Amino acid sequence: MTEVNPYKMAIKQIDVVAPYLDVDEGILEKLRYPRRELTVHCPVKMDDGSLKVFKGYRVTHNDTRGPAKGGLRYHPSVDLDEVKALAMWMTWKAAVVNIPYGGAKGGVKCNPPEMSQAELEKVTRRFTWEIAPLIGPESDILAPDVYTNPQVMAWIMDTYSMLKGYSVPGVVTGKPLELGGSVGRFEATGKGVLIAVQKVAEHLKLSIKGARVVVQGCGNVGGTSARYFSRAGARVIAISDSKGGLYNSQGLDIERTLDCKSRYKCLMTEKVEAEVISNKDLLELECDILVPAALGNQITAENAPRLKCRLVAEGANGPTEPEADEILVDKGIFVLPDILANAGGVTVSYFEWVQNLQELLWTEEDVSDRLHKIMTTAVADVMKISRERKVPMRTAAYILGVGRVAKATQLRGLYP
Ligand code: NAD
C-alpha cells in the first residue's frame, strides 16, 4: 500500500477547514505554499576516508506572526515534501498555542544510528553553514526532531556563532543547559502530551490512574510521555523503538525499560518483564490511550479499523492519514491532533528563546506553570470550537490555527 504524501495531506487539511473560515480564498491559497524552500548538498569526509554527499533541506512555511520556528530531522526517509508538510504544521501549531512564531522545518537525509559522532558533527556543521543565510534568532530558529538532540543543537549554535563572530544562543532551542538551554525543554513535548490528555480526560470521564497506555517510539517524545503517564499512575503496557516493542498487559516498569534503552541502545526482554511485540501489532493493542510518538503515516486506512483504544494522543507529527482519521471518527475514537497534543515542545522552545533574548534564566516552576497554562488554554479553546461547530478536534484545531494565521495575513496585506 502506498503511503500518503505528507504535503498533499497537509494541503487537504486546509481544504477541510476552508468552509469553516471566514477568509478570502486567495489568502488560503497563499498559505498552501511555503514562503521558501532551500535544498543543499553537504559533502562530508567519512571516518573511512571516503567522501559522501548528504542532501538537506530548510523550508520556511510562514513567518507572518513572527520568526519561523521548527525542528531539524535526520532520517533516511527525509524528502522535500515531508519537510514542507512539517513546516506547515509548525505554522498552525504555533498559532494554536498562540505564540508569536511562524513555521519552518529542516531535514537531512542520513541515518544517524549508522554514523559516528564525528561524521554527525561534520554533517551538522556543513548543513548549518549552507543554510546560515536564512536562519537566526529574528528569522528562523531550529530545534531537535527525530534523531537530532541537544548536542546537535550545540554544534549548530557554535557554527552559526563562529560565522557571526559572537555567541548567538537564540538561533536554536533545545540546547544543553550549559549553553543557554531552558530547564524543562527536554521533557516539554512529552509532558505537554500528558497535560493535553489530562484536560480532555475530564470530558471523556477517563481516569488517568490505571489507564492502559500504549506508546509507539521511545525517543524524546515517546520516552518522556511514557515516563509522565507512568508517574501519573497510568499503566504503560507497551512501548517500541524502530526495531519493535515490549508488551506487558499488567504494565511495564518504564524507568527500567528506558534506562535499558539508553544503556544498550535497544529494548530488551531480558531486562524487564515483557514479551516482544511488532510495531504493527502494538498499534492494534486494546488500550485506553494510544500515543503514536515516532514517525508519520502510522495509522492508515488499512489498520485504523482494527484500533482498539478510546483516545489517540498524537505525540508524533502527521501519524494519522486523512482516510484513517475519518475511520477513527466513525469508530468514536477521540483524537487529540498533533498540532495541539505535541505543542508543548514549541511552547517551551519559545520560553527558551525569550530567556536567551533577554539574558534571563527562569526556574523550573516558571517554565512548568507557563507550559501548563498555555497547553490547557489551547485544549480548552479547541474543545470549545469542536463543541460549538460540531466538528472533530483536528478540524477544530485547524479552524483555530489556520484562522489565526489567515487573519494575521489579512491584516498585514501583501507586499509589494
Ligand atoms: P527521537 O529521535 O528522539 O525518537 C524517535 C523514536 O522513534 C525512537 O525511539 C526511534 O527508535 C523510533 N522510531 C524510528 N523509526 C521508527 C519506526 N519505523 N517505527 C517505530 N518507531 C520508530 O525523536 P522525537 O523528537 O521523539 O520525535 C518523534 C516524533 O515527535 C516525530 O514525529 C517528531 O516530529 C515529533 N515531535 C517532536 C518534538 C520534539 O520536541 N522533539 C516536538 C513535537 C513533535
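Restricting attention to the range 127-156, the residues that are over 19 Å from the mean Cα position of the chain (by Cα) and more than 28 Å from residue 241 (Cβ to Cβ) add up to 11. For the range 12-36, a residue qualifies if it is within 30 Å of residue 112 (Cα to Cα) and open to solvent by less than 90 Å² (accessible area, probe 1.4 Å), and the qualifying residues are 34, 36.
Beta carbons closer than 6 Å, at least 6 apart along the sequence or on distinct chains, pair a first residue in the range 345-373 that is hydroxyl-bearing (Ser, Thr, Tyr) with a second that is assigned to a helix (DSSP H, G or I) for 347/371; 347/374. Scanning the range 354-391 for residues that are open to solvent by less than 30 Å² (accessible area, probe 1.4 Å) and under 20 Å from residue 136 (Cβ atoms) returns 354, 355, 356. The set of residues in the range 158-178 being in contact with a Pro (Cβ under 6 Å, 6 or more places away or on another chain) and open to solvent by 20 Å² or more (accessible area, probe 1.4 Å) consists of 176 alone.
Just wondering, is there one or more residues in the range 381-401 that are in a helix (DSSP H, G or I), hydroxyl-bearing (Ser, Thr, Tyr) and without any contact (Cβ under 8 Å) to a residue 60 or more places away in the chain? So far as the range 381-401 goes, yes, one or more of its residues are in a helix (DSSP H, G or I), hydroxyl-bearing (Ser, Thr, Tyr) and without any contact (Cβ under 8 Å) to a residue 60 or more places away in the chain.
Would you say residue 188 is hydrophobic (A, V, I, L, M, F, W, C), surrounded by fewer than 18 Cβ atoms within 10 Å (Cβ to Cβ) and modelled with pLDDT of 95 or more?
On the way: hydrophobic (A, V, I, L, M, F, W, C): yes; surrounded by fewer than 18 Cβ atoms within 10 Å (Cβ to Cβ): no; modelled with pLDDT of 95 or more: yes.
Here the answer is no, as residue 188 does not meet what is asked.
With the condition kept exactly as written, say whether any residue in the range 84-100 is out of contact with any Lys or Arg (no Cβ under 9 Å at 6 or more places or on another chain) and over 24 Å from residue 350 (Cα atoms). Checked against the condition, which is being out of contact with any Lys or Arg (no Cβ under 9 Å at 6 or more places or on another chain) and over 24 Å from residue 350 (Cα atoms), the range 84-100 yields no hits at all. Please find, within the range 233-243, the residue that is farthest from the ligand (Cβ to nearest atom) out of those that are closer than 23 Å to residue 75 by Cβ and open to solvent by 10 Å² or more (accessible area, probe 1.4 Å). Per the stated criteria, the residue is 243. Considering every residue within the range 201-213, establish whether at least one is out of contact with any helix residue (DSSP H, G or I) (no Cβ under 9 Å at 6 or more places or on another chain), open to solvent by 10 Å² or more (accessible area, probe 1.4 Å) and either within 16 Å of the ligand (Cβ to nearest atom) or in contact (Cβ under 8 Å) with a residue 40 or more places away in the chain (or both). Yes - at least one qualifying residue is present in the range 201-213.
So which residues in the range 253-289 are among the polar types (S, T, N, Q) and open to solvent by 20 Å² or more (accessible area, probe 1.4 Å), if there are any at all? Of everything in the range 253-289, those that are among the polar types (S, T, N, Q) and open to solvent by 20 Å² or more (accessible area, probe 1.4 Å) turn out to be 262, 269, 278, 279. Of everything in the range 98-118 that is among the aliphatic types (A, V, I, L, M) and open to solvent by 10 Å² or more (accessible area, probe 1.4 Å), the residue that is nearest to the chain's Cα centre (by Cα) is 115. The residue that is surrounded by the most Cβ atoms within 10 Å (Cβ to Cβ), counting only those in the range 290-326 that are more than 16 Å from the ligand (Cβ to nearest atom) and within 21 Å of residue 224 (Cβ to Cβ), is 309.
Return yes when residue 271 is in a helix (DSSP H, G or I) and basic (Lys, Arg) and no when it is not. So residue 271 fails the test.
Got at least one residue in the range 137-145 being touching a helix residue (DSSP H, G or I) at 6+ places or on another chain (Cβ under 7 Å), within 16 Å of the ligand (Cβ to nearest atom) and farther than 23 Å from residue 93 by Cβ? No, there is no match, as no residue in the range 137-145 is touching a helix residue (DSSP H, G or I) at 6+ places or on another chain (Cβ under 7 Å), within 16 Å of the ligand (Cβ to nearest atom) and farther than 23 Å from residue 93 by Cβ.
Being surrounded by 24 or more Cβ atoms within 10 Å (Cβ to Cβ), touching a His at 6+ places or on another chain (Cβ under 6 Å) and assigned to a helix (DSSP H, G or I) is true for just one of 91, 128, 124. Which residue is that? Before you say what the answer is, go through the steps one by one.
Values: 128 fails: touching a His at 6+ places or on another chain (Cβ under 6 Å); 124 fails: touching a His at 6+ places or on another chain (Cβ under 6 Å).
Unique residue meeting the criteria: 91.
For beta carbons closer than 6 Å, sequence separation of 6+ or different chains, a first residue in the range 287-312 that is of a type outside the set (Phe, Trp, Tyr) and a second that is in a helix (DSSP H, G or I) and open to solvent by 20 Å² or more (accessible area, probe 1.4 Å), the qualifying pairs are 293/221; 296/6; 301/323; 304/327; 305/327. Counting the residues of the range 327-341 that are open to solvent by 10 Å² or more (accessible area, probe 1.4 Å) and touching a residue at least 40 places away in the same chain (Cβ under 8 Å) gives 3.
Taking each residue of the range 50-61 that is crowded, with 20+ Cβ neighbours inside 10 Å and looking for partners that are of a type in the set (Ser, Thr, Tyr) with beta-carbon atoms closer than 7 Å, six or more apart or interchain, yields 57/39; 61/91.
The values are calculated or read from the model by the stated rules, or taken from the named source; none is laboratory data. Treat the numbers as computed from the prediction; the structure is a model and nothing was measured. Cβ: placed from backbone, ideal geometry, glycine included. Neighbour counts: every protein chain shown. Side chains are part of the model used for accessible areas, which takes the heavy atoms of the whole protein and leaves out ligands, DNA and RNA. Shrake-Rupley method; radii C 1.70, N 1.55, O 1.52, S 1.80 Å.
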